Amino acid sequence: MSPDTIIATDRLNLWYGDTRALVDVSMEIPDRKVTALIGPSGCGKSTLIRCFNRMNDILPGCRIEGKVMYHGENIYDNGSDPVSLRRRIGMVFQKPNPFPKSIYENVAYGPRVHGIRDRRTLDSIVEESLRRAALWDEVRDRLSRSALSLSGGQQQRLCIARTLAVEPEVILMDEPCSALDPIATAKVEGLIDELKKQYCVIIVTHNMQQAARVSDYTGFMYLGRLIEFGGTTQIFESPRDELTENYITGRFG
């Protein structure tokens, strides 16, 4: 395993009941880079990233075989704590999902859950998280207002700030721009470029142009299999697998 790898899978398989959703997926994801997962709907992209923080555990009938290594340790070993894992591997969902609370309380929620009560400390965390999410200047004068009063793009950046507030190492993003307009999408993409300086970012996207713009590495998935994984430039300009080329050139999808 490469020394800059933060997450790796080894022959990862997953079933929903009798339906096999992932088939022998093996990959290494580097730290402080953006990795994009592309492929047609239903190919296993979202299922795969939900394995990285054990979100699939909550689904009835879900069964997993193989390994998911985080810092060299299998997160599915007995004794692994999913709650602690999800603090270190945060997730941003397809549709913005702010809590029906104030902007401030949305960001302070996670630190409070983890035992931080001091107001000055919380103030500092809220400001720093909103700054990192490129939202502070837009909301600094209305932190007490409802998060639901924000635009869709602002809500998504607030959800990113909420994720950052608990100091993760990895940020999973499942189609984070699919519900946003082009201007809001550009802001989130710019934010992703900044976030990779401090975090590993893994993004699921149907938008191949977006994957080409924001990612350093790209994996192409099809029918639950990882068909090809490599540097984004290589995947888009000289794919090694015919299936990858056919998808990227629009022959199916």
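The values are calculated or read from the model by the stated rules, or taken from the named source; none is laboratory data. Computed from a predicted model, the values in this text were never measured in an experiment. Cβ atoms come from the backbone with ideal geometry, glycine included; neighbour counts cover every protein chain shown. Accessible surface areas use protein heavy atoms only, side chains included; no ligands, DNA or RNA. Shrake-Rupley method; radii C 1.70, N 1.55, O 1.52, S 1.80 Å.
Quick notes on this one:
- When Phe229 is tested against (1) touching a Gly at 6+ places or on another chain (Cβ under 7 Å); (2) closer than 21 Å to Tyr109 by Cα, exactly one condition is not met: (2).
- Checked across the range 232-243, the condition of being open to solvent by less than 70 Å² (accessible area, probe 1.4 Å), among the acidic types (Asp, Glu) and part of a strand (DSSP E or B) holds for no residue.
- Subset of the range 193-213 [under 13 Å from the mean Cα position of the chain (by Cα) and closer than 16 Å to Val170 by Cβ]: Leu195, Lys196, Tyr199, Cys200, Val201, Ile202, Ile203, Val204
- Test: residue in the range 45-54 that is under 30 Å from Ala161 (Cα atoms), touching an Asp or Glu at 6+ places or on another chain (Cβ under 7 Å) and not aliphatic (A, V, I, L, M): yes
- Counted residues, the range 154-204 - those being farther than 17 Å from Val107 by Cα, part of a helix (DSSP H, G or I) and open to solvent by 10 Å² or more (accessible area, probe 1.4 Å): 10
- A search for C-beta distances below 7 Å between a residue of the range 210-225 that is closer than 14 Å to Lys45 by Cβ and open to solvent by less than 40 Å² (accessible area, probe 1.4 Å) and any residue that is in a helix (DSSP H, G or I) and among the small types (Gly, Ala, Ser), counting only pairs 6+ apart in sequence or on different chains, returns Thr218/Ala211.
- Residue satisfying condition, being closer than 22 Å to Leu150 by Cβ, surrounded by 15 or more Cβ atoms within 10 Å (Cβ to Cβ) and among the basic types (Lys, Arg), within set Arg132, Arg87, Arg112: Arg132
- So Glu228, is it acidic (Asp, Glu), more than 18 Å from Ser129 (Cα to Cα) and without any contact (Cβ under 8 Å) to a residue 24 or more places away in the chain: yes
- Residues that are at pLDDT 95 or above, closer than 19 Å to Glu167 by Cβ and among the polar types (S, T, N, Q) within the range 55-110 comprise just one, Asn106.
- The residues on offer are Ser80, Ser2, Ser41, Ser84, and the sole one that is in contact (Cβ under 8 Å) with a residue 40 or more places away in the chain, small (Gly, Ala, Ser) and out of contact with any Gly (no Cβ under 6 Å at 6 or more places or on another chain) is Ser41.
- Qualifying residue in the range 215-228 (condition: part of a loop (DSSP other than H, G, I, E, B) and at pLDDT below 95): no
- Taken over the range 173-188, the criterion of being more than 24 Å from Asn53 (Cβ to Cβ) and of a type in the set (A, V, I, L, M) is satisfied by Ile183, Ala184, Ala186.
- Of the strands (runs of 3 or more DSSP E) lying entirely inside the range 1-113, those carrying at least 3 residues that are under 14 Å from the mean Cα position of the chain (by Cα) are 34-38, 89-92.
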